[in-house]
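Where a number appears in this text, it was derived from the coordinates with a stated rule and is not lab data. All figures in this text were calculated on a predicted structure; none of them were measured in a lab. Neighbour counts are summed over all protein chains in view; Cβ atoms, including those assigned to glycine, are modelled from backbone coordinates with ideal geometry.
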Amino acid sequence: MTATASLILLVLTIAQCARADETYTLEALADQVKSLPGASALDLTFNQFSGYLSIPGTSGNGNTKNMHYWMVESMNNPSTDPVAFWTNGGPGCSGLLGFLSEQGPFRPNKDMSLSFNKYAWNTISNMVFIESPCGVGFSYSEDPDTDYHPDDASTAADNYALIQGFLDRFPQFRKNDVYITSESYGGHYMPTLAKEIVDNNAKLDTSDPKYLKFRGFAVGNPATTSYSTIPASLETYWGHQLVSKPLYDDYEATCVDTHPKDWQTCEMLFLRMYREIGELNPYALDYPVCTDDSRRAAKYGRNQRAALMRHELDAMALAAGYNSSDFSDALGAIKSAIKLEPVDGYEPCVEDYMTEYLNLAEVKEAIHVKSDIDWVDCSRTIKYKQSDGPHSMTSYYQYLIDGKFGLDILVYSGDDDDVCATIGTQSWIWDLGYTVASQWKDYTVDGQTAGYITKWKDTKLALATVHGAGHEVPTYKPEAALWLWASYLKGELTNK
């Protein structure tokens, strides 16, 4: 290229950037991620922004909650493509899990470089990854004693405030369709947030700038009822023939067919099963686990499954009127006995790499977050209301469907997951009571059967299974996940 041609290209580039900058608020431009460590070898064609959105605190004394977001614009047409807000489950796990190990555009490597994910969802939509509730990830409060005690209702209200705050910072997106999406405890987050949005929209005229063009939600492997977590998990272990028949017979006799249940005995049977399965990955039963001992012994080693088990057992015991705190030692034994890490395709240790990457000083500086926060994937700081866990979310689905809000609702489920198993999803979704329009039809991706889709009449509700995918569907079957996301946004999955 000649010097003159290079100069012309530079001028054109500057002009294009200037025109682009004119569409952003000053607050948005301050959040722009201009140079991301580890990404120097990547040819990025999209803008990205990361920063804090301040929302009201629990006490009502001002905006004490500072919620971290990381937005990547669509690689297609950001001005018209939908805006989708993603959060992970937990409760209390960071949306950056989705960003860096599932459907975001980057994957961290062992050497702290980044690879490009060609199946990223921002190939077709603007994606906003949020760290919620306050106290998760880089999100923090100026009044932690009050703000770090969330529940389902407060989380829905906070996420609604976050969405409005984001659109205030990026007003050009207020004309775009809005979707929300999550997984796991997102089975609570999504229906409650959807209700929060439609109820607030009902108070506004459609011409009001605060009125959201809310089109629906998608949720993967959702924790929806008390059965869809631990009881479904144990049945899945048995269905995969991973536990012995005598032990499972004891469980059925003591904890399924008996009323009232001997809760203390049931807990011990749960723990015996978790020990009996050995070093399998419950997030994806047929995938390998991380065996890099140097990584697992590092400062940022973790075991999300043990944390989830503790939350679910405590919640179930609380609902039964029994205090399960005496079992913390047994749960700790499970944590040390088995290596349970979600895997990213062929790289089981990706979440360790992600944690190390996000704690690099230069990364924190690049994404405009507090330098003194040690990022962890699932918060040990917040005290989420345990009694919300066993509540069934099915009434929310009926409210959202029967209310004729026109929402497209996709429930998808990787059938290799044990944490929120497909058998658990099937246990509640068929019982919503709607008439089936199309039952259990297979669909293909790249010529292979990728799963099965069921639709219900006059509901815009669909269930899609993803064959061979684990708990985090985009991690294990990224091509199928992107196909589902694209088909969902087109309205092709939900019944008209």
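Count the net charge of all other residues whose Cβ sits under 13 Å from the Cβ of Ala361, scoring Lys and Arg as +1 and Asp and Glu as -1.
Numbers: positive: Lys364, Lys370; negative: Glu356, Glu362, Glu365, Asp372, Asp374.
Result for the local shell: -3.
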When Ile429, Ile163 are ordered from fewest to most other Cβ atoms inside 10 Å of their Cβ, what list results?
Ile429, Ile163
I'd like the Karplus ³J(HN,Hα) series for region 99-105: coefficients 6.51, -1.76, 1.60, θ = phi - 60°, whole numbers in Hz, and an x wherever there's a Gly or Pro.
5, 9, 9, 10, 10, x, x
Once you list every other residue whose beta carbon is under 11 Å from the beta carbon of Ile423, what net charge do they have if Lys and Arg are +1 and Asp and Glu are -1?
-4
I need the phi-derived Karplus couplings for region 45-59: 6.51 cos²θ - 1.76 cosθ + 1.60, θ = phi - 60°, integer Hz, Gly and Pro marked x.
10, 9, 7, 9, 9, 8, x, 10, 10, 8, 10, x, x, 5, 6
Under the Kirkwood approximation for Rh and a Cα-based Rg, what ratio Rg/Rh is obtained for region 157-288?
1.19
Based on the mean of other Cβ atoms within 10 Å per residue, sort peptides 241-247, 84-90 so the most packed one is first.
84-90, 241-247
Considering only DSSP states other than H, G, I, E and B, which trypsin sites (Lys or Arg not before Pro) in region 154-231 qualify as loop sites with at most 15 other Cβ atoms within 10 Å?
Lys175, Lys203, Lys210, Lys213
Quick check: the distance between the Cα centres of region 361-435 and region 180-227, to the nearest angstrom?
11 Å
Candidate aspartates and glutamates for bridging to Lys118, where Cα separation is under 20 Å - those fewer than 8 sequence places away on the same chain excluded
Asp43, Glu73, Asp81, Glu102, Asp344, Glu347, Glu351, Asp446, Glu472, Glu479
Using every pair of alpha-carbon atoms in region 366-496, split the distances into 10 Å bins beginning at 0 and state the percent of pairs per bin, rounded to integers.
11, 34, 31, 18, 6, 0
Could you tell me which of the pairs Lys261/Lys457; Lys175/Lys457; Lys210/Lys385; Lys65/Lys203; Lys370/Lys404 are separated by over 32 angstrom between their Cα atoms in the structure shown?
Lys261/Lys457; Lys370/Lys404
Across bins of 10 angstrom width beginning at 0, how are the C-alpha pair distances of region 46-138 distributed, in whole percent?
17, 42, 30, 9, 1
